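Where a number appears in this text, it was derived from the coordinates with a stated rule and is not lab data. Being a predicted model, the structure only gives us computed values, none of them experimental. We place every Cβ from the backbone using ideal geometry, glycine too, and count neighbours over all the protein chains shown.
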Amino acid sequence: MPVDENLAEDFLEEEFAESFLDACHEGELQKVENAIASGRLTAGNLEEGLSLATARAGVKVYTDIVTVILNSGALITEDVVDSLPGETEQQPSVVRQFLDHGMDPNAKMSDGEPLLRFLDCVCARELLIRGADPNVTGPSQQTPLRRTMISGKIDKAELLLEYGAKLESDFLFITAAPRRTYGLLMTKFLLDRGADPNVTSQEWGTPLHLAVYAKNPNIVKLLLDAGADPTARSVGTKYLGHSPLEIAQHPLHQQTDVTRTILDFLRFQRTWKPAL
């Protein structure tokens with residue numbers, strides 16, 4: 001075949017593949033089915049189309065496209081798995097389809113992080129039902145439960161605990177840190193489930209030291225009510241040897257209404273006794 005004819009044929013095939021990918025992106029089920037039936041698509045075309053449809057599978061027509069492409073034999077690669085959390089709330093039925101077509105419940109994203117970390121509660125349940133490890137980690141060494149301490153997804157945290165996730169001793173240092181949107185919510189969640197308010201860290205001493213530093217009176221009050229010791233001396237590198245009260249009185253802490261509220265809480269409970 002002459003070179004010009006080869007180029008023309010290659011162009012037509014590329015154009016055909018682009019039309020297929022556009023159909024996957026726009027939710028045009030019939031065009032997707034016709035393209036697959038033609039037998040002209042490569043494995044790479046199917047993989048890319050599956051990624052596009054999966055990312056939008058919160059809408060039913062895309063769910064149908066995912067079904068068609070998976071049934072055509074498309075491979076579930078890490079790049080495809082990256083799309084599974086979805087641009088909008090993913091459908092658990094899509095996760096089930098991936099599992100039914102051979103995806104490992106402990107599947108990793110292309111960056112090595114576990115898929116379980118990035119799915120919402122109903123989709124995460126599908127993985128856990130099939131045997132996913134609730135304590136699985138990737139390069140970041142962050143478990144799915146640790147991620148919920150920042151995201152504030154209590155329903156997912158409860159689900160993970162139900163399936164055996166470990167409540168790590170340092171979680172209170174995550175929730176008591178400055179600028180945590182869901183810090184109060186998740187601190188209460190942890191304390192209600194028996195987290196030790198007097199746990200220590202090499203950096204901050206106790207969670208109470210950190211909450212005082214973060215100027216979060218609500219978390220300070222929660223910790224004190226749960227039995228945190230207001231007289232404890234920090235064994236961490238931050239404010240070594242100082243008590244929470246001394247941190248609140250530190251010259252670097254501007255005396256505001258928030259600081260004064262924290263001081264009131266600490267002074268009221270200086271005669272600390274261990275919680276029963």
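What is the set of long-range amide H partners of Glu203 at a cut-off below 5 Å, with H atoms built 1.01 Å from backbone N?
Thr237
Taking every Cα atom in the stretch 88-151, find the radius of gyration and the maximum pairwise distance Dmax, and write them in Å.
11.1, 32
Which of the aspartates and glutamates could a cross-linker bridge to Lys31, judged by Cα under 18 Å and excluding same-chain residues fewer than eight apart?
Leaving aside aspartates and glutamates fewer than 8 places away in the same chain, those within reach of Lys31 are Glu13, Glu14, Glu15, Glu18, Asp22, Glu47, Glu48, Asp64.
According to the square roots a ≥ b ≥ c of the eigenvalues of the Cα gyration tensor, what is the shape class of the stretch 98-244, taking rounded for a/c under 1.5, prolate for a/b larger than b/c otherwise, and oblate for the remainder?
prolate
Amide H to amide H under 5 Å from Ala57: which residues, 5+ apart in sequence or cross-chain, H placed 1.01 Å off N in plane?
Those lying under 5 Å, H to H, from Ala57 are Glu87.
Work out how far the C-alpha atoms of the chain reach from end to end along every principal axis, then list the three figures in whole Å, largest first.
90, 38, 28 Å, listed from the longest principal axis down.
Return the sequence-ordered ³J(HN,Hα) values of the stretch 238-243 in whole Hz as given by the Karplus equation 6.51 cos²θ - 1.76 cosθ + 1.60 applied to θ = phi - 60°, using x for Gly and Pro.
7, 6, 3, x, 8, 8
Mind ordering 102-114, 42-54, 226-238 by average Cβ neighbours within 10 Å, highest first?
Ranked from most to least packed, the peptides come out as 42-54, 226-238, 102-114.
Just want to confirm a number: the relative contact order over the stretch 168-276, from Cα pairs under 8 angstrom separated by 6+ residues, in percent.
The normalised contact order for the stretch 168-276 reaches 24 percent.
If you build the Cα gyration tensor of the stretch 1-103 and take the root of 5 times each eigenvalue, what three semi-axes come out, in whole angstrom, biggest first?
After scaling each eigenvalue by five and taking roots: 27, 13, 11 Å.
Quick one: compute the contact order of the stretch 1-103, relative version, from alpha carbon pairs under 8 angstrom and 6+ residues apart, as a percent.
The normalised contact order for the stretch 1-103 reaches 25 percent.
Using θ = phi - 60° and the Karplus curve 6.51 cos²θ - 1.76 cosθ + 1.60, what whole-Hz ³J(HN,Hα) does each residue of the stretch 42-52 get, with Gly and Pro shown as x?
Those phi angles translate into 8, 4, x, 4, 5, 4, 5, x, 5, 4, 4 Hz.
Round to the nearest 0.05 the FRET efficiency obtained for Glu246 and Asp170 when R0 = 22 Å and r is the Cβ-Cβ distance.
With a Förster radius of 22 Å, E is 0.45.
So what's the projected area for the stretch 168-276, the Cα convex hull averaged over all directions, in nm²?
If I average the Cα hull's projected area over directions, I get 6.2 nm².
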